[in-house]
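Structure record follows, encoded as structure tokens.
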Amino acid sequence: MEKTPSYFVTNHAPKRIHTMARDIKLIIVVRNPVTRAISDYTQTLSKKPEISNFEVLAFKNRTLGLIDASWSALRIGIYALHLESWMQYFPLSQMHFVSGERLIVDPAGEMGKVQDFLGLKRIVTDKHFYFNKTKGFPCLKKPEDSSTPRCLGKSKGRTHPKIDPDVIRRLHKFYKPFNMMFYQMTGQNFEWELEEDSGSRSSQD
């Protein structure tokens, strides 16, 4: 197994991976693209505190409501665009999509589906996880011993900066048609629009 998140959004990756191993099984973890963009910005902000605020970077012209889709933090979340490139080389039967939201609230359930996809016995179950309230994410543990659980590192779980609700609303509107296309392509409804309807919640990356 090899994990590199940037593969999914790199144009030449599908062809090169297909040339290397055409029967490979691909696992793609996705989350609400608005939350993902804010998380991306939060990570960059921690390394470059001098960068402009999120609201400035997200728009070409905020008065006209023109979203800057060329900004990588936003472009990555146009999942349908990236998936089209992969579907030129791999059938959907070789892809498994994991909901980032469900992975947090039900890690055992999502890992069960991953194990099924890989043709593995369901060994990793709910007894292998416990929820870390400080981080806001589940941690992995070995139920057979008392070793220290493995939790996300310091670079994860940062509190997101407060973003103008109007900007979040505009981004939800921007992503909605792409999300609908992605749901149709994958045959899965990730229900990100329900998050929009329930209002923007404070979250961590």
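The values are calculated or read from the model by the stated rules, or taken from the named source; none is laboratory data. Every value quoted in this text rests on a predicted model; they were computed, and no experiment measured them. No Cβ is skipped: glycine too gets one built from the backbone with ideal geometry, and neighbour counts run over all protein chains shown. Ligands, DNA and RNA are excluded from the accessible area calculation, which covers all protein heavy atoms including side chains. Shrake-Rupley method; radii C 1.70, N 1.55, O 1.52, S 1.80 Å.
Provide the net charge surrounding D68, with neighbours chosen by a C-beta distance below 12 Å and charges set as Lys +1, Arg +1, Asp -1, Glu -1. Summing Lys and Arg as +1 and Asp and Glu as -1 gives +3. Here the extension length gained between M95 and M180 equals 28.8 nm, from 0.36 nm per residue of separation less the Cα-Cα distance.
Over the chain, accessible surface divided per residue gives 61 Å², non-protein components excluded, 1.4 Å probe.
If I take every Cα pair under 8 Å that is 6 or more residues apart in the chain, average their sequence separation and divide by the length, what percent do I get for the relative contact order? Walk me through the intermediate numbers first.
Working: 217 pairs, mean separation 49.5, N = 205.
Here the relative contact order equals 24 percent.
Computed over the chain with a Gaussian network model linking Cα atoms closer than 10 Å, the most mobile of I123, I168, I38 is I123.
What's the extension gain from K142 to H12 if we count 0.36 nm per residue and subtract their Cα-Cα distance?
Answer, rounded to one decimal: 43.0 nm.
Taking 0.36 nm per residue of separation and subtracting the current Cα-Cα distance, fully stretching the chain between N189 and R158 would add 8.4 nm.
Taking a cut-off of 20 Å, what percent of all Cα-Cα pairs in segment 94-158 are separated by more than that? Of the Cα pairs, 32 percent sit more than 20 Å apart.
Heavy-atom accessible area with a 1.4 Å probe sorts D166, D126, largest first, into D126, D166. Within straight cross-link reach of K15, meaning Cα distance under 20 Å, which lysines are found once same-chain residues fewer than 8 apart are removed? List returned: K3, K25. Per the Debye formula on identical point scatterers at the alpha carbon atoms of segment 1-111, with no solvent, log10 I(q)/I(0) at q = 0.12, 0.15 Å⁻¹ is -0.53, -0.79.
Here the chain exposes an accessible surface that is 55 percent carbon and sulfur, computed with a 1.4 Å probe and the other protein chains kept in place.
Looking at the chain from every direction and averaging, what is the projected area of its Cα convex hull in nm²? About 12.9 nm², averaged over all directions.
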